[in-house]
Amino acid sequence: MAKLLASTAEIPAEIEKLINASQAEKLILITPYLRIARQFKSDIKDQDTFKTSISVIVRADESHDPADINFLQEMKGVKLYTHQNLHAKCYLNHKTAIITSMNLYEYSQLNNTELGIIVDQAEDRKLYDEINEAAKKIIRNSTEFGFEIKKVEKPRSDEKSLRKQWQKKR
């Protein structure tokens, strides 16, 4: 049976449990806006260590946080997809699904009033399977994220050479 997540504080706690319980299985994160809260980043990184198959689906026409894109692309077990006009927020692993109004964005946790439902496969297999199939359909209708964002660092000039250049100009 589905359970209502009626307080904003409950939802990130349940999402965190869901991520951590994904060990060596699957994790699907459907969220239009890619701005991942710090607490979730650590948990997602752990799942990559456990060789969990991780699919992240985000909105195609959105400006996403480049640091979060890099974070996901650096992990071997993550497949990043974009979906046109995505507004759904659904998080699931091999035994639990959460459908909610909350994004993975920390701002949502701190400033918004959110609702959600959690479905345990052992308690409501039919509903869990329907959510799982809907998530798979979103993935099938998505496009693999086609480019990498890499941080480019400027070469550092040492202080002595800068002084020499400055002195020559005087």
inquiry  = Taking the criterion of being hydrophobic (A, V, I, L, M, F, W, C) and in contact with a Lys or Arg (Cβ under 9 Å, 6 or more places away or on another chain), would at least one residue in the stretch 45-55 satisfy it?
reply    = yes
ask   = Out of curiosity, is Glu16 over 15 Å from Ser101 (Cα atoms), acidic (Asp, Glu), in contact (Cβ under 8 Å) with a residue 60 or more places away in the chain and open to solvent by 10 Å² or more (accessible area, probe 1.4 Å)?
value = no
task = Being of a type outside the set (Ser, Thr, Tyr) and either touching a Pro at 6+ places or on another chain (Cβ under 8 Å) or surrounded by fewer than 12 Cβ atoms within 10 Å (Cβ to Cβ) (or both) narrows it down to one of Lys126, Lys136, so name that one.
result = Lys126
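Please tell me if Thr96 is touching a Leu at 6+ places or on another chain (Cβ under 8 Å), open to solvent by less than 10 Å² (accessible area, probe 1.4 Å) and not basic (Lys, Arg).
Working: touching a Leu at 6+ places or on another chain (Cβ under 8 Å): yes; open to solvent by less than 10 Å² (accessible area, probe 1.4 Å): no; not basic (Lys, Arg): yes.
The answer is no for Thr96.
Per-residue answers, yes or no, for (1) among the basic types (Lys, Arg); (2) on the phi > 0 side of the Ramachandran plot; (3) touching a residue at least 12 places away in the same chain (Cβ under 8 Å); (4) assigned to a strand (DSSP E or B):
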{"site": "Lys79", "(1), (2), (3), (4)": "yes, no, yes, yes"}
{"site": "Asn85", "(1), (2), (3), (4)": "no, yes, yes, no"}
{"site": "Ile98", "(1), (2), (3), (4)": "no, no, yes, yes"}
{"site": "Leu104", "(1), (2), (3), (4)": "no, no, yes, no"}
{"site": "Tyr107", "(1), (2), (3), (4)": "no, no, yes, no"}
{"site": "Ala134", "(1), (2), (3), (4)": "no, no, yes, no"}
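Is one or more of the residues making up the stretch 25-32 open to solvent by 60 Å² or more (accessible area, probe 1.4 Å), in contact (Cβ under 8 Å) with a residue 40 or more places away in the chain and in contact with a Ser or Thr (Cβ under 7 Å, 6 or more places away or on another chain)? Break it down into steps so the answer makes sense when it comes.
Within the stretch 25-32, the first condition is being open to solvent by 60 Å² or more (accessible area, probe 1.4 Å), and the residues that meet it are 25.
With the extra rule that they be in contact (Cβ under 8 Å) with a residue 40 or more places away in the chain, the set shrinks to 25.
This time we only want the ones that are in contact with a Ser or Thr (Cβ under 7 Å, 6 or more places away or on another chain), so: 25.
So far as the stretch 25-32 goes, yes, one or more of its residues are open to solvent by 60 Å² or more (accessible area, probe 1.4 Å), in contact (Cβ under 8 Å) with a residue 40 or more places away in the chain and in contact with a Ser or Thr (Cβ under 7 Å, 6 or more places away or on another chain).
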remark   = Exactly one of Lys76, Lys45 is among the charged types (D, E, K, R), open to solvent by 70 Å² or more (accessible area, probe 1.4 Å) and more than 14 Å from the chain's Cα centre (by Cα), and that one is Lys76
query = Does the stretch 54-61 contain at least one residue that is touching a Ser or Thr at 6+ places or on another chain (Cβ under 9 Å), of a type in the set (D, E, K, R) and exposed (fewer than 14 other Cβ atoms within 10 Å of the Cβ)?
reply = yes
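The values are calculated or read from the model by the stated rules, or taken from the named source; none is laboratory data. For clarity, every value in this text was computed on a predicted model and none was experimentally measured. Positions of Cβ are backbone-derived with ideal geometry, glycine not excepted, and every protein chain shown enters the neighbour counts. Surface areas here come from the heavy atoms of the whole protein model, side chains and all, with no ligands, DNA or RNA. Shrake-Rupley method; radii C 1.70, N 1.55, O 1.52, S 1.80 Å.
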